[in-house]
Amino acid sequence: MTAEGHAALDQELKHLKAVERPAIIQAISVAREHGDLSENAEYHAAKEKQSFIEGRIVELEDKLSRADVIDMTKIKGNKIVFGATVTIIDVETEAESVYRIVGEDEADIADGKISNTSPMARALIGKQVGDEVEVAAPSGAKAYEVSDLQF
């Protein structure tokens, strides 16, 4: 993952531990004061949210402990690799798109970040400017030309 992605996951983990976990503990405590727990919807909702938060904390701790952070300042070359920002042109429509290849946890298509395991990224990795790639899409294969590469 990139350093940015690692920092974002670390920030989420800190927020869950420092803000969300204490808030849900407080909510459970308040719900317990309302009496019969078997029919207390607030209590059950708070316990369910606590379960989600604790699960996410465990997941984030695991991901962060196993993360391989890539230093993007050391990447150079003329071939597309993890972390590269690639400009492609749809051969059929000539529409231009810009994507950055990142780890699965960082992917956000609205922000132009695609997962290194996505069909588009897998097709692009190893290519260089001027190459044409074919990507399997639900509507059929689409052809793109790599027009720019930046690190």
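Quick note: the coordinates plus some simple rules give every number you see, no bench work behind them. All values reported here derive from a predicted model rather than from experimental measurement. Cβ sites come from the backbone with ideal geometry, for glycine too, and all protein chains shown count toward neighbours.
Each peptide in 116-125, 137-146 was scored by the mean count of other Cβ atoms within 10 Å over its residues; highest first, the order is 116-125, 137-146.
Kirkwood analysis of region 3-66, using all unique Cα-Cα pairs, places the hydrodynamic radius at 12.8 Å. For the chain, the number of Lys pairs with C-alpha atoms closer than 22 Å, counting only pairs eight or more positions apart or on separate chains, is 18.
Scanning residues 5 or more positions from THR2 or on other chains, those with amide H under 5 Å from its amide H are ILE70, GLY103, with H placed 1.01 Å from N in the peptide plane. Amide hydrogen proximity for GLY83: with H placed 1.01 Å from N in the peptide plane, the residues at 5 or more positions away or on another chain lying under 5 Å are ILE101, VAL102.
Taking the chain as a Gaussian network, where each spring joins two C-alpha atoms under 10 Å apart, which residue of ARG100, ARG56, ARG32 fluctuates the most? It is ARG32. Mean separation of Cα pairs under 8 Å and 6 or more residues apart, divided by the residue count, gives region 3-66 a relative contact order of 45 percent.
Cα convex hull, the chain: 139 Å³ per residue, rounded to a whole number. The 3J(HN,Hα) values that the Karplus relation (6.51, -1.76, 1.60; θ = phi - 60°) gives for region 114-122 are, in residue order, 10, 5, 5, 9, 6, x, 5, 5, 4 Hz. Gly and Pro appear as x. Taking the average, over residues, of other Cβ atoms within 10 Å as the packing measure, peptides 102-113, 65-76 rank 102-113, 65-76 from highest down.
Express in nm, to one decimal, how much length is gained between GLU134 and ARG32 on full extension, taking 0.36 nm for each residue of separation and deducting their alpha carbon distance.
Working: separation 102, 0.36 × 102 = 36.72 nm, distance 5.82 nm.
Here the answer is 30.9 nm.
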